[in-house]
Amino acid sequence: MGFIKRNISRNLIGFLTLLCLLSPNSGQSSIPSKQDGFWYGQKTGKEEAVLIEAFFDPVCPDTRDSWPPLKNAIQQYGSRVSLVVHTFPLPYHDNSFATSRALHIINKVNSSATYDLLEAFFEHQESFYGTATFNSSRAAVLDQIAKFVTKSLGNTYHAAIKSGFTDSKTDRATRVSFKLGCLRGVYGTPFFFVNGFPLPDAGSALDIKGWRKVIEPLVREKGKKPVEFRHVY
Ligand SMILES: *[C@@H]1O[C@H](CO)[C@@H](O)[C@H](O)[C@H]1NC(C)=O
Ligand SMILES: *[C@@H]1O[C@H](CO)[C@@H](O)[C@H](O)[C@H]1NC(C)=O
């Protein structure tokens, strides 16, 4: 009897889990109306450019450390390399979903400001995890993020960020990024794809030499001159 009961309850849990995964409300089965991601420098991917896709968690220290060399490489290769960043909030990082959502909110208002906010999060990550928000309610954290965004980008963004956190569209957009990462096998951050292929040592921050080793053969294959590297950061 006990065995049957246990089995039934286990099946019930399994069934409910399945329901949660498949429910159209979760957006799992619906295709988003536009491609996901934040294009760097307002470029969109040109067919002839090398495409780097980065899955970032705004409160992940490894993501933060990987950004300066990647930014350096993108700037130096100019139009030969395009970058699109997707948010991928890791469940074990406090407030990663809320900070990712803030990026989606700002991106809708002014896409150029998205990277400013991303860099601001990188610079002040410690205000958003661990003991800093341990005793804070969800409402208090959202308020803290709204104030942070306003302070980093300017007062003009205050209303947008406040209302953005109650807009279900921005919640959905942040989920779509996460789901895209799951579909592509992303399991940590930073995680990079180059021309659609995963970088073998994804997860460890590449330095500028590492990026050069990845990108140089690809641009050279197209008969272009190698890029003279300056260290700008
Ligand atoms: C959008 O953001 C960029 C970068 O922060 C800024 O220079 C520009 O003035 C902003 N545009 C508007 C319309 O607020
Ligand atoms: C959280 O609140 C409790 C009770 O007020 C306090 O004892 C604890 O030190 C607080 N923890 C942090 C990390 O602030």
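What follows is calculated from the coordinates using simple rules that are stated; it is not laboratory data. Computed from a prediction, not measured in an experiment: that's the story for all the values here. FYI the Cβ positions are ideal-geometry reconstructions off the backbone, even for glycines, and counts take in every protein chain you see.
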Label point distance in nm, residue 167-residue 79, each placed 7 Å from Cα along Cα→Cβ: 3.3
Ranked by how many other beta carbons lie within 10 Å on average, peptides 84-97, 126-139, 188-201, 103-116 from highest: 84-97, 103-116, 188-201, 126-139
Formal net charge of residues neighbouring residue 184 (Cβ-Cβ distance under 13 Å; K, R +1; D, E -1): -1
Unsatisfied cross-links (Cα-Cα over 21 Å) in the set 34/213; 108/179; 108/162; 71/213; 71/179; 108/147: 34/213; 71/179
Rounded, prolate or oblate (a/c below 1.5 giving rounded, otherwise prolate when a/b exceeds b/c) for the range 121-181 by Cα gyration tensor: oblate
For the range 55-212, Kirkwood radius (reciprocal of mean inverse C-alpha pair distance, Å): 16.1
